[in-house]
Amino acid sequence: MSDDRRQAATVADLPGPLAKLLWRQHTVYRERGGTVVIRGEDAGRWISLAPHGSGRVRLRAGRILDGGTTAPARAETTVPLDGDLARLAACCRGLLAETAGAREAEARAASPTRTTRPRPDSRQGRRRRGATVLVWAAAVVVGLIAVSVFG
């Protein structure tokens, strides 16, 4: 058996135990190219594992969209395939966290929240200042007329 086939066989053996470490509810399936995908429906995320060179596995993570389709990968890395399932799960969790961070950033960009009090329209503020100046000018004119007539 060649190195690539042996590596692919070990990648094929990883998803079941890895999926149990990542999510309580998950679906595991194989794509045409040999990539194995683990979907965490309740978390709204997916992660894929694919053989990458000699003794390495390529991990990709992304979101599951509202309709159930998968969005393109948001995070990606390559890790050694040495049988350390705990380290592989930690790498997967890191990628999934990056994916969650990207989703939160998108949500903030899509609907920004204001924490400050909204400012009044600048024209409205100028109108108020203009009216105040007008009232003061009228009062001064009335005062000058009163002084000149009665003074």
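The values are calculated or read from the model by the stated rules, or taken from the named source; none is laboratory data. Just so you know, these numbers come straight off a predicted model, no measurement behind them. Here the Cβ positions follow ideal geometry from the backbone for every residue, glycine too, while neighbour counts run over all protein chains shown. Quick note on the areas: whole protein, heavy atoms, side chains included, nothing else; ligands and nucleic acids left out. Shrake-Rupley method; radii C 1.70, N 1.55, O 1.52, S 1.80 Å.
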*Can you find even one residue in region 94-110 that is assigned to a helix (DSSP H, G or I), modelled with pLDDT of 80 or more and open to solvent by 70 Å² or more (accessible area, probe 1.4 Å)?*
yes
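Can you name the residue in region 73-88 that is closer than 13 Å to GLU98 by Cβ and over 14 Å from the mean Cα position of the chain (by Cα) and is also most open to solvent (accessible area, probe 1.4 Å) among such residues? Before the answer, list the steps.
First pass over region 73-88, keeping only residues closer than 13 Å to GLU98 by Cβ: 73-77.
Cutting the leftovers down to over 14 Å from the mean Cα position of the chain (by Cα) gives us 76-77.
Numbers: GLU76: 104, THR77: 47 Å².
Result: GLU76.
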*Residues in region 32-48: is at least one under 14 Å from LEU88 (Cα atoms), open to solvent by 70 Å² or more (accessible area, probe 1.4 Å) and either in contact with a Gly (Cβ under 9 Å, 6 or more places away or on another chain) or not aromatic (Phe, Trp, Tyr) (or both)?*
no
*Which residues, taken from region 54-72, are open to solvent by less than 50 Å² (accessible area, probe 1.4 Å) and either closer than 18 Å to ASP42 by Cα or free of Cβ contacts under 8 Å to residues at least 24 places away in the same chain (or both)?*
ALA61, GLY62, ARG63, ILE64, GLY68, ALA71
